[in-house]
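Asks: Before we start, here is the structure in question, set down as C-alpha cells.
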Amino acid sequence: MEQLIIKNAKLNGATTDILIENGRFKTFAPHITPSQEQCELFDACGMTIVPPFFNAHTHAAMTLFRGFADDIELFDWLNNYIWPAEAKLTPYDVYCGSKLAILEMIKSGTVFFNDMYWFQEETIRAAEEMGVRAAVGLLFLEDENGNIAERNVRGNQKLLEMKKQQLFSDRITLTLAPHAVYTVSERNLRRVEELAEELKLPVHIHLAETAREVQECRKEHSGLSPVEYLASLGLLNRNLIAAHSVHLSNYDIEMLADAQAVLVHMPCSNMKLNSGAFRFADAFKAGCRIALGTDGCASNNNLSMFDEMKFAALAAKREDNSPTAAPADYVFNIATTGGAEAFGIDSGEISPGKLADAVLINTDSSYLTGGEFIPGMVYSADSSVVDSVICNGRIIMKHRVVPGEKQIIEEGRKCAAKLRAK
Ligand SMILES: [Zn+2]
C-alpha cells in the first residue's frame, strides 16, 4: 500500500495532517503517525493546501512555438505561420514540447490538461513520465480536399489500440477532437458523433472562435450558427467540450446551457488574437458549465492558470459594466473544482475519498500578505506562490523542484530552434 502523510498543512484556516493512501485522501487529523514503515512524510510547514488547476484546453507541444508569430491575424497566423511550421514536427519534438509544457504547468499548479494535437502517444508518454493527468484527443483535421492527414489517421488508430490494450494509466483519458466546424466536413463530424456514442468519449472542438467562423458556417449550413449546426448533428450535449465559444447568440447560450455542454473560456488567447470576447457574465447567468483553459503557447504565451483567472474576472466586470461580475470564489472554483468536474475526474476537492490532487501554497509570499486568500490567488498572486504539487497521491514538485527540469528546458530549446530554422 502506498502511503504519504502531509504534516502541518493549513486547510480552511486550521492546521492538519493528511494521510493519502493509494492515490486518495484518506484521513484528516491534527496528528497522524505512520502505520507502516514505507510511508513517505512531507512537512508542509503551515502552507495552505488547495485543489490544483485543471487546464481545460491546450495544445501542449505548442510551447515550441512560443513567441513564434506574435501580433498577427488568426487566419494569417494559422495558414502562413503555424501550420507550415507544424508540418515539420517530428514525434520527438512533440515529446519534448509536451514535457516543456507539463513542466510549466506543474510549476504553476496545474495537474491536468485537455490536449488537442498529433503524435499523441508522445504527449501521453510525457504526461506519464511527469506524473500529471491528461485528456488526449483523437484528432480530426482535414486538408482542402476533405482528407484527414495520414499521420492523424495513424495516430488515432494507435491511440485506440493503446486504450484497448490498457497501455496507459488511469491518469490518461481520451477524447474525440474534431478541430473545428470549418476544418472537418459534415461527413466526418457525423462519424465523430457515431464514435462518441460507441466509445463513450467526450467531444472536444474549437467552437465559434471568430466572427468569420460563424459567418461562414451560417453561409454553408442553411443559416445555422456553429452551435446550432453541432446540435443538428447530435453533438450538442453534456459530453461536448466547446473551446473558446466566443461568438454566441442569445439562442446559442440558451442551447449550450440546456445541453450542459462545457464552455472553455480562454481570455488571454482570445484577447491576444483579438478573436472577440467570450460572454462570460451572460453564460454564467444562463447557467452554462464553464471551465478555464490557456490554449497553446503560440497564442498566449504561457500556460499559467493564474493569468487566466485574473483576465477572466477582469473581462467579465468590464462586460457586465459591474465590479460584482465574476467574483473571485467563482473564478477560482471553475479553474479548479469545476475543471475536474467538467472532465469527470474524481478530484478537485481536498476531502476524504477524493483522488489526492493538491497544491501547497506559500502564503508567506508578498502577493498573499494581507487580504483574503482566494481573492489573493485570483487577483494578486502568480505561479511563484506554488511551493509543491501533488497528483494522484504523488509529490510531483517539492519546494519548486521538478525532477529533470534543466534537461527538459535544454531539449525544448533545441527543438524550438530547429523548427524555426528555414
Ligand atoms: Zn486551441
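The values are calculated or read from the model by the stated rules, or taken from the named source; none is laboratory data. Bear in mind that the values here come from a model prediction, so they are computed numbers and not experimental data. So basically every Cβ, Gly included, is an ideal-geometry build from the backbone, and we count neighbours across all protein chains shown.
Asks: Please go through region 369-415 and give me each residue that is β-branched (Val, Ile, Thr), in a loop (DSSP other than H, G, I, E, B) and farther than 26 Å from Glu128 by Cα, ordered by number.
Replies: Going residue by residue through region 369-415, those that are β-branched (Val, Ile, Thr) are 369, 374, 378, 385-386, 389-390, 395-396, 401-402, 408-409.
Narrowing further to those that are in a loop (DSSP other than H, G, I, E, B): 369, 402.
If the condition is that a residue be β-branched (Val, Ile, Thr), in a loop (DSSP other than H, G, I, E, B) and farther than 26 Å from Glu128 by Cα, then Thr369 is the only one that fits.
Asks: Would you check if there is a residue in region 409-417 being touching a Ser or Thr at 6+ places or on another chain (Cβ under 9 Å), closer than 20 Å to Met47 by Cβ and in contact (Cβ under 8 Å) with a residue 40 or more places away in the chain?
Replies: There is no residue in region 409-417 that is touching a Ser or Thr at 6+ places or on another chain (Cβ under 9 Å), closer than 20 Å to Met47 by Cβ and in contact (Cβ under 8 Å) with a residue 40 or more places away in the chain.
Asks: Hey, another quick one. Mind checking which residues of region 262-276 are of a type in the set (A, V, I, L, M, F, W, C) and either in contact with a Gly (Cβ under 6 Å, 6 or more places away or on another chain) or more than 24 Å from Leu235 (Cα to Cα) (or both)?
Replies: First, the residues of region 262-276 that are of a type in the set (A, V, I, L, M, F, W, C): 262-264, 266, 268, 271, 273.
Within region 262-276, Val264, Met266, Cys268, Met271, Leu273 qualify.
Asks: In addition: Does Thr63 satisfy being at pLDDT 95 or above and in contact with a Phe, Trp or Tyr (Cβ under 6 Å, 6 or more places away or on another chain)? It would help to see each step written out before you state the result.
Replies: Working: at pLDDT 95 or above: yes; in contact with a Phe, Trp or Tyr (Cβ under 6 Å, 6 or more places away or on another chain): no.
Spelling it out, it is not the case that Thr63 is at pLDDT 95 or above and in contact with a Phe, Trp or Tyr (Cβ under 6 Å, 6 or more places away or on another chain).
Asks: Just to be sure I understand, how many residues within region 343-371 are more than 20 Å from the chain's Cα centre (by Cα) and free of Cβ contacts under 8 Å to residues at least 24 places away in the same chain?
Replies: Within region 343-371, residues that are more than 20 Å from the chain's Cα centre (by Cα) and free of Cβ contacts under 8 Å to residues at least 24 places away in the same chain number 8.
Asks: Moving to a separate point now. In region 193-224, what count of residues is obtained for those that are among the aliphatic types (A, V, I, L, M), crowded, with 22+ Cβ neighbours inside 10 Å and assigned to a helix (DSSP H, G or I)? Steps first, please.
Replies: Start the filter on region 193-224 by keeping residues that are among the aliphatic types (A, V, I, L, M), which leaves 195-196, 199, 201, 203, 205, 207-208, 211, 214, 224.
Keeping just the survivors that are crowded, with 22+ Cβ neighbours inside 10 Å gives 203, 205, 207-208, 214.
Filter once more, keeping what is assigned to a helix (DSSP H, G or I): 214.
So the count comes out to 1.
Asks: Does region 266-280 contain any residue that is touching a strand residue (DSSP E or B) at 6+ places or on another chain (Cβ under 8 Å) and under 16 Å from Tyr330 (Cβ atoms)?
Replies: yes
Asks: Here's another thing I want to ask about it. Pick from region 225-245 the residues that are over 17 Å from His265 (Cα atoms) and assigned to a loop (DSSP other than H, G, I, E, B): which of them is farthest from the ligand (Cβ to nearest atom)? Please lay out each step first, then the result.
Replies: Residues of region 225-245 that are over 17 Å from His265 (Cα atoms), as a first pass: 225, 228-237.
Okay, now just the ones that are also assigned to a loop (DSSP other than H, G, I, E, B), so 225, 233-237.
Values: Ser225: 19, Leu233: 21, Gly234: 23, Leu235: 18, Leu236: 19, Asn237: 21 Å.
Selected residue: Gly234.
Asks: With the checklist (1) part of a helix (DSSP H, G or I); (2) more than 21 Å from the chain's Cα centre (by Cα) in hand, flag the one item Glu144 doesn't pass.
Replies: (1)
Asks: Still on this structure: Before we move on, is Ser299 closer than 20 Å to Met105 by Cβ and within 11 Å of the ligand (Cβ to nearest atom)? Show your work before the answer.
Replies: Working: closer than 20 Å to Met105 by Cβ: yes; within 11 Å of the ligand (Cβ to nearest atom): yes.
Criteria met by Ser299.
Asks: Just to be sure, is Asn274 within 16 Å of the ligand (Cβ to nearest atom), closer than 20 Å to Ala312 by Cα, of a type outside the set (Lys, Arg) and in a helix (DSSP H, G or I)? Don't jump to the end; show me each part of the working.
Replies: Numbers: within 16 Å of the ligand (Cβ to nearest atom): yes; closer than 20 Å to Ala312 by Cα: yes; of a type outside the set (Lys, Arg): yes; in a helix (DSSP H, G or I): no.
No.
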